[in-house]
1. Which of the following residues is in a helix (DSSP H, G or I), in contact with a helix residue (DSSP H, G or I) (Cβ under 6 Å, 6 or more places away or on another chain) and in contact (Cβ under 8 Å) with a residue 24 or more places away in the chain: VAL12, VAL29, VAL53?
2. Quick one: which of ALA25, ALA5 is among the small types (Gly, Ala, Ser) and surrounded by 14 or more Cβ atoms within 10 Å (Cβ to Cβ)?
3. Which of the residues that make up segment 91-106 are of a type outside the set (D, E, K, R) and over 13 Å from the mean Cα position of the chain (by Cα)?
4. Among the listed residues SER21, SER39, SER54, identify the single one that is out of contact with any Lys or Arg (no Cβ under 8 Å at 6 or more places or on another chain), farther than 22 Å from ALA5 by Cα and of a type in the set (Ser, Thr, Tyr).
5. Where residues in segment 70-124 are among the polar types (S, T, N, Q) and part of a loop (DSSP other than H, G, I, E, B), which of them is surrounded by the fewest Cβ atoms within 10 Å (Cβ to Cβ)?
6. Evaluate segment 68-78: report whether one residue or more is assigned by TED's automatic domain parsing to the domain that holds THR18 and touching a residue at least 40 places away in the same chain (Cβ under 8 Å).
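The values are calculated or read from the model by the stated rules, or taken from the named source; none is laboratory data. Computed from a prediction, not measured in an experiment: that's the story for all the values here. Don't worry about glycine lacking a Cβ; one is built from the backbone with ideal geometry, like all the others, and counts go over all protein chains shown.
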Amino acid sequence: MAIRASREKRLVDLLMRTGMSRNLARTLVFLTAKGETTSVEIEKIAGMRQPEVSISMKELRRRGWVTKKDLKKEGKGRPLHAYRLVKPFHRIVKEIVAKEREKLEAVEEDLNRLQQQAKAFSSQ
């Protein structure tokens, strides 16, 4: 179990390096490992608070990576929802990599323009 937890932590760390929030990365990795799960289970096992899970799920759904299913529940209280990835994790990673490469290309273009402007400015 420690090996798996270590691998999951590395995944979370790598996702965070792309600019993803810790909670979003933790939720995504948890869903990848677990399959379908409830927000309550994510709260308990991932050690997150309900608002953090809710915000993460909203963002994952906005990105089109997660689907939500309402579960029947007896009694009162918060509604219960089940969540699962709608795309395999490797496809999600492919999307993240493509977006990060776009950012890298934009930074490289900006750096080239900066060098050109610096040369032009220096020669005046």
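1. On the way: VAL12 fails: in contact (Cβ under 8 Å) with a residue 24 or more places away in the chain; VAL29 fails: in contact (Cβ under 8 Å) with a residue 24 or more places away in the chain.
Matching residue, one of VAL12, VAL29, VAL53: VAL53.
2. Just one listed residue meets the conditions, ALA25.
3. The first filter runs over segment 91-106 and keeps only residues of a type outside the set (D, E, K, R), leaving 92-93, 96-98, 104, 106.
If the condition is that a residue be of a type outside the set (D, E, K, R) and over 13 Å from the mean Cα position of the chain (by Cα), then ALA98, LEU104, ALA106 are the ones that fit.
4. Numbers: SER21 fails: farther than 22 Å from ALA5 by Cα; SER39 fails: farther than 22 Å from ALA5 by Cα.
Result of the check over SER21, SER39, SER54: SER54.
5. GLN124
6. Filtering segment 68-78 for residues assigned by TED's automatic domain parsing to the domain that holds THR18 gives 68-78.
Still in the list and also touching a residue at least 40 places away in the same chain (Cβ under 8 Å): none.
Looking through segment 68-78, none of the residues is assigned by TED's automatic domain parsing to the domain that holds THR18 and touching a residue at least 40 places away in the same chain (Cβ under 8 Å).
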